[in-house]
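Peer 1: After the structure tokens below, expect a handful of questions from me.
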Amino acid sequence: MAGSVTGLDGVLTYLGNPHPCVKVQLLLTLGLVVLGLGSLEVSTLLPVPLYSCWWGLAPSDLHQGCDGAQLLPPTPLDDAREVLVCSRGRWQPNGFPGNLLVGMRVIATLVAGLCLDLVGRRRSVLAWMGLYFVVSLARAFSPNEESVVFCVTLEGAAAQAATLGLLLIAGEGSTQGECVRSVCLVLLGHAAGVGAMAPLVMTYVPGTVYKQMARSLPSLVFVLYILVLPESARWAVCRGRVQEATVILKKSHHMAFDPTMKHKLSALHQEHQLSMTEHKCSGHPLRESVVPLVRNGRFFLMVLVFLVCGLALGCAASARQLFDPTPYNSYEDRQVAFGAFEFLSLLLLGLIVTRLEVKCVLVALLSALSMALLLTPVLQRAGQRTCGGFVFFSCLGHASVVLAGVWMTAGVIRLTPTHSRGLLLGATLATATLGHTLPCLDIVALFASFGMYLDSYAELGIWAILTFLAGLLALLLPKTLPSLPDTLVHITNQALPEEKPESEEFQNTPL
């Protein structure tokens, strides 16, 4: 029947636990705190550097220009974090080393998504978090700027891959109605790590080497916590590990002993096998993960829409960073401001729009992001150069990027079946990584070759229009199902017609 609870959502509803227990949620949030503390230069959801070349900010200067004192100690000139944005041009994405690093980041994100489907969510998080710790610790002893750039790029890729695994465990451990709320709750840890923990470390820990070690060592502690973190029960059922799924539900949802539970999970696995056989996708886990993306036309259209939206999101995030003024004097100033706005935005997203349609909210957020790109140019055109306005619109633009990225990530989880969810999530974030490099290209020279001359405002308008069009394309996404899809048949079956009550003339009534 249309609107019925199917798949593992039905099991979780039967158990009365629509989301993981508090201990599991806190462990997942702790993982994002660790990544937010150590991965300041590159956001874990998007390759958006949280810093650039900027100048002063003070509370007393909010009604004046942005030159002045700072909230926290200023960034020293020898700070190694400047190398990605403020250094020589050969490390930009249009140079050969920059292209190599971008390609490495894209491939790593795509491979991470595939590993989530093949070896499991928890094992992937364990491997990528271990790599993150090794690279982050090695960056403390980097001999030159080039090695710092390489370590930061690889560190960002590992942090992004670990984040995808943690979000999948949180989202798949919840029902459709609680998925967005669980994802937002986990990501609150990232906002806390960026806006609260990291500034304390960078302000009070002396020495560059000791600061980097203080940021990297907590990830080693979290690697030990991953060993007690439960796997995704949906993935275990998909791979036929019914006994393991039963144990996982006992740990993650405090499931009491129920002799019928193993039979329910076995029936879900048989449903998955029949679905794969029906669509000719059964066999190796790699085949079950990749082939459904292109075999079913309805699913393939959804894949294309998410890839285009991811590309547009990356372009908008990069354009906002390149063209928006950044009125901050130190990295820590910007982290505090962005972390506070990110925390409030995620809190509102998890409380207000958690049960709404994926496509409707995604259209609204991408449209809002396209308008946020044009706020600061309008402020400059109007001659309003107050620091308070620039700070507010800068934080508002960052919040728009974060909300669009989080909702798109949650949308992939809510619309994609379990066997291909990790691959599509990795592919979407890989296209976002690729899109982040496009605004760095010389678009003005390209248009000048056709006799059209653009200024910076027109160039920014191009990326805003592309973001808006991608948002309209999101209207092609399918309707959000009442349950998280566990296999391909859940998103291909049409709703069955409801049974109509028997009319009076055919009812057996007593004479």
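Peer 1: When you have a sec, figure out the Kirkwood radius of the range 104-206 from all distinct Cα pair distances and drop it here in Å to one decimal? Numbers along the way, then the final one.
Peer 2: Numbers: mean 1/r = 0.0662 Å⁻¹.
Roughly 15.1 Å, rounded to one decimal.
Peer 1: Please list, or write none, the lysines whose alpha carbon is within less than 30 Å of the alpha carbon of Lys23, excluding same-chain residues fewer than 8 places away.
Peer 2: Of all the lysines, those that pass the test against Lys23 - Cα under 30 Å, at least 8 places apart if same chain - are Lys211, Lys250, Lys251, Lys262, Lys264.
Peer 1: Another question, if that's okay. Given points 7 Å out from each Cα along the Cα-Cβ axis, report the Ala267 to Phe447 separation in nanometres with one decimal.
Peer 2: 6.0
Peer 1: If you don't mind, there's one more thing I want to ask. What translational diffusion coefficient, in µm²/s and rounded to a whole number, does the Stokes-Einstein relation yield for the range 348-493 at 37 °C and a viscosity of 0.692 mPa s, taking the hydrodynamic radius as the Kirkwood radius over Cα pairs? Numbers along the way, then the final one.
Peer 2: Numbers: Rh = 17.4 Å.
Once the numbers are plugged in, D ends up at 189 µm²/s.
Peer 1: Inverting the mean 1/r over all pairs of different Cα atoms, compute the Kirkwood radius of the range 239-312 and quote it in Å.
Peer 2: Values: mean 1/r = 0.0684 Å⁻¹.
With all distinct Cα pairs of the range 239-312 included, I get 14.6 Å.
Peer 1: Still on this structure: In the P(r) worked out for the range 168-264, what percent of Cα pairs fall beyond 24 Å?
Peer 2: 43
Peer 1: Please give me the summed charge of the neighbours of Lys264: other residues whose Cβ is under 13 Å from its Cβ, Lys and Arg +1, Asp and Glu -1. Walk me through the numbers on the way to the answer.
Peer 2: Values: positive: Lys262; negative: Asp9, Asp258, Glu271, Asp486.
Within the 13 Å Cβ shell, the charges total -3.
Peer 1: Mind giving me the FRET efficiency for Ile462 and Ile107? R0 is 30 Å, r the Cβ-Cβ distance, nearest 0.05 is fine. Write out the running numbers ahead of the final one.
Peer 2: On the way: r = 28 Å, r/R0 = 0.93.
The calculated FRET efficiency here is 0.60.
Peer 1: When Lys and Arg each count +1 and Asp and Glu each count -1, what net charge do the other residues less than 12 Å away from Ser124, Cβ to Cβ, add up to? Let's see the in-between values first.
Peer 2: On the way: positive: Arg121, Arg122, Arg123; negative: Asp117, Glu231.
Once positives and negatives cancel, what remains is +1.
Peer 1: Let me ask something else. Work out the length of the dipole vector of the range 175-276 about its Cα centre, built from +1 on the beta-carbon of each Lys and Arg and -1 on the beta-carbon of each Asp and Glu, and round it to the nearest 20 debye.
Peer 2: Working: 10 positive and 5 negative charges, 23 e Å.
Approximately 120 debye in magnitude.
Peer 1: Please express the shape of the range 156-200 as an equivalent ellipsoid: the semi-axes are the square roots of 5 times the eigenvalues of the C-alpha gyration tensor, given largest first in whole angstrom.
Peer 2: Listed largest to smallest, the semi-axes of the range 156-200 are 22, 14, 5 Å.
Peer 1: Shifting gears a bit: To the nearest whole percent, what portion of all C-alpha pairs in the range 238-371 is separated by more than 25 angstrom?
Peer 2: Details: 5217 of 8911 pairs.
Summing the P(r) of the range 238-371 above 25 Å gives 59 percent of all pairs.
Bear in mind that the values in this text are calculations on the coordinates, not laboratory data. Everything quoted here is computed from the prediction, not taken from an experiment. When we count neighbours, we look across all protein chains shown, and the Cβ atoms used for this are built from the backbone with ideal geometry, even at glycine.
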